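Novice: Starting off with a structure, shown below.
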Amino acid sequence: MPSLIDEPQHFIMDQDDRNRNKNIGKNFMCRLQCMFSHSSSSESRLSLEDTQQWSQSLEKLLDSKYGLATFRNFLKSEYSDENIDFWLTCEDYKKIKSSFRMSSRAKKIYEQFIKAESPKEINIDYHTREQIKRNVKTPTMHCFDDAQKMVYGLMERDSYPRFLRSDIYRTLLENLAADATKG
């Protein structure tokens, strides 16, 4: 049974944890703003309002350059960044106009994300994996759409809610709120 002497120690540890989280949040804010510091307009600065909007939907989070960077950082910390990497790779793939580049890129995407035991294998069902295997032989801009939808759904149902509950996001909100009240 813990004695009363132990209680202050728990308080000190809790306070240390809070201070560490506050510093992590501030350091992360600085890193985010440095990543995008090439533009100095106030519109490009990370704001409390924008950060709060990330909680409205995964789409709003991914539409924000800071939101996307924060979410990727969170996923990397959980060793599950293959989903966002695949989703973003597919978004870029859809912009390819050259059929030669499309064919080459489709094969690389298959090798990196789809093929069983690939370096960043995504979690999709066997049927979808086999369909993509066939599609890659004569690729179109939509050959990864089914897998991309599955991965988006997985992030929306699993990773995104965990992100909203994470120390990274909550501390970022707290620090931005504290900065906003300081003026």
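The values are calculated or read from the model by the stated rules, or taken from the named source; none is laboratory data. Just so it is clear, the structure is predicted and the values come from calculations on it, not from any experiment. Ideal geometry is used to build each Cβ from the backbone, glycine not excepted, and the neighbour counts take in all protein chains shown. These area figures cover heavy atoms from the full protein model, side chains too; ligands, DNA and RNA do not enter into them. Shrake-Rupley method; radii C 1.70, N 1.55, O 1.52, S 1.80 Å.
Novice: Are any residues in the stretch 51-96 aromatic (Phe, Trp, Tyr), surrounded by 14 or more Cβ atoms within 10 Å (Cβ to Cβ) and more than 29 Å from residue 139 (Cβ to Cβ), and if so, which ones?
Specialist: Within the stretch 51-96, 54, 66, 74 qualify.
Novice: Sort out which residues of the stretch 115-148 are in contact with a Ser or Thr (Cβ under 9 Å, 6 or more places away or on another chain) and of a type in the set (A, V, I, L, M, F, W, C), and write them in order of number.
Specialist: Result: 136, 144, 147.
Novice: Please verify whether the stretch 129-149 includes one or more residues that are touching a residue at least 60 places away in the same chain (Cβ under 8 Å) and surrounded by 14 or more Cβ atoms within 10 Å (Cβ to Cβ).
Specialist: Pass one, the stretch 129-149, residues touching a residue at least 60 places away in the same chain (Cβ under 8 Å): 147-148.
Then keep just the ones that are surrounded by 14 or more Cβ atoms within 10 Å (Cβ to Cβ); that gives 147-148.
Yes, the conditions are met somewhere in the stretch 129-149.
Novice: Now for a different question. Give all pairs with beta carbons closer than 8 Å in which a residue from the stretch 81-94 that is touching a residue at least 12 places away in the same chain (Cβ under 8 Å) and closer than 13 Å to residue 68 by Cβ meets a residue that is among the aromatic types (Phe, Trp, Tyr) and in a helix (DSSP H, G or I); count only pairs at least 6 apart in sequence or on separate chains.
Specialist: If the second residue must be among the aromatic types (Phe, Trp, Tyr) and in a helix (DSSP H, G or I), the pairs left are 84/71; 85/113; 87/152.
Novice: For residue 48, all conditions in the list (1) closer than 19 Å to residue 166 by Cα; (2) open to solvent by 70 Å² or more (accessible area, probe 1.4 Å); (3) modelled with pLDDT under 95 hold save one; what is the number of the exception?
Specialist: Here residue 48 meets the rest and fails (2).
Novice: What is the number of the single condition among (1) in a helix (DSSP H, G or I); (2) open to solvent by less than 50 Å² (accessible area, probe 1.4 Å); (3) farther than 25 Å from residue 46 by Cα; (4) out of contact with any Lys or Arg (no Cβ under 8 Å at 6 or more places or on another chain) that residue 164 does not meet?
Specialist: Checking residue 164 against (1) in a helix (DSSP H, G or I); (2) open to solvent by less than 50 Å² (accessible area, probe 1.4 Å); (3) farther than 25 Å from residue 46 by Cα; (4) out of contact with any Lys or Arg (no Cβ under 8 Å at 6 or more places or on another chain), the one that fails is (3).
Every residue, every condition in (1) of a type outside the set (S, T, N, Q); (2) closer than 18 Å to residue 54 by Cβ; (3) more than 15 Å from the chain's Cα centre (by Cα), yes or no:
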| site | (1), (2), (3) |
| --- | --- |
| 94 | yes, no, yes |
| 106 | yes, no, yes |
| 136 | yes, no, yes |
| 139 | yes, no, yes |
| 152 | yes, yes, no |
| 161 | yes, yes, no |
| 168 | yes, yes, no |
| 180 | yes, yes, yes |
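Novice: Would you check if residue 112 is open to solvent by 50 Å² or more (accessible area, probe 1.4 Å), over 23 Å from residue 59 (Cα atoms) and touching a Lys or Arg at 6+ places or on another chain (Cβ under 7 Å)? Steps first, answer last, please.
Specialist: Numbers: open to solvent by 50 Å² or more (accessible area, probe 1.4 Å): yes; over 23 Å from residue 59 (Cα atoms): yes; touching a Lys or Arg at 6+ places or on another chain (Cβ under 7 Å): yes.
The answer is yes for residue 112.
Novice: Can you tell me which residue is nearest to residue 79 (Cα to Cα) among those in the stretch 96-155 that are small (Gly, Ala, Ser) and in a helix (DSSP H, G or I)?
Specialist: Step by step, filter the stretch 96-155, then rank; the result is 153.
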